[in-house]
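> Got a structure for you, written out below as structure tokens; questions coming shortly.
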Amino acid sequence: MLATLAFLLAFQAVSQIEVPTRPPTPLEQVPNVAVIPYEIRGDLALGLRRSMDELGPMTSNGIRVPVRTQWRNQVRWSNDANGCLPQTSQMTWQIETTVPAIAADAEAGPRMRARFDRYRQQLDAFEYGRAVRINAGMEATLAAMRAAADCDGLIEARRAGEAAIVQANRDYDLATARARRNMRPLQ
């Protein structure tokens with residue numbers, strides 16, 4: 001009897017917690033990341049895939065992809081009579097990941113939505129790795145800028161840091177190419 005009462009009280013407390021329509025992924029918990037969904041429609045995998053092909057973000061080469069991560073930063077520093085003060089460097093950055101999301105009014109049923117969620121989790125896992133690398137690169141760039149001896153060194157540290165982030169993303173793409181090819185497709 002006491003166990004039943006405890007269960008009922010616990011169940012009541014849990015039932016009052018709002019359940020998200022889709023559980024948050026690690027990607028959405030990474031600092032400086034904004035996840036930007038684009039709505040897709042369809043009732044079967046083929047329709048959803050076509051929708052991603054038509055509406056997905058474009059790469060710099062003009063190719064549509066299902067997901068894309070981009071970043072930008074803004075840098076400021078103080079100056080004195082002798083020029084800039086590298087140790088006062090400040091940087092803010094934003095990482096934007098554009099991802100597919102099934103529209104609420106799409107015809108996809110619960111089973112198709114569950115399959116799509118599994119597919120989306122795979123996409124998020126790869127972009128999570130990219131976002132972590134971008135954050136680490138930005139932090140290292142800021143540290144190098146602050147350690148620079150002069151304005152030229154600060155600017156060079158920023159350029160080198162940004163180039164290193166771009167290279168790290170290329171290396172990540174190469175290192176994960178096989179895993180991405182073997183990713184369970186949306187079918």
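The values are calculated or read from the model by the stated rules, or taken from the named source; none is laboratory data. Note that the structure is a prediction, hence the values are computed from the model and not measured. No Cβ is skipped: glycine too gets one built from the backbone with ideal geometry, and neighbour counts run over all protein chains shown. These accessible areas exclude ligands, DNA and RNA; they are computed on the full protein's heavy atoms, side chains included. Shrake-Rupley method; radii C 1.70, N 1.55, O 1.52, S 1.80 Å.
> Taking every pair of alpha-carbon atoms in region 84-187, give the share separated by more than 18 Å as a whole percent. Before the final figure, lay out the partial values.
Working: 3266 of 5356 pairs.
Result: 61 percent of Cα pairs exceed 18 Å.
> Apply 1/(1 + (r/R0)^6) to the Cβ-Cβ distance of residue 150 and residue 177, taking R0 = 45 Å, and write down the FRET efficiency to the nearest 0.05.
Working: r = 41 Å, r/R0 = 0.91.
About 0.65, to the nearest 0.05.
> Hey, another quick one. Summarise the accessible area of region 41-121 (1.4 Å probe, protein heavy atoms) by the percent that is carbon and sulfur.
Values: 2290 of 4820 Å².
Of all accessible area on region 41-121, carbon and sulfur atoms account for 47 percent.
> Can you list which of the trypsin sites (Lys or Arg not before Pro) found in region 83-187 are DSSP loop residues with at most 13 other C-beta atoms within 10 Å?
Numbers: sites: 111, 113, 115, 118, 120, 130, 133, 146, 158, 159, 170, 178, 180, 181; in loops: none.
Here no trypsin sites (Lys or Arg not before Pro) fit, given the DSSP loop and packing criteria.
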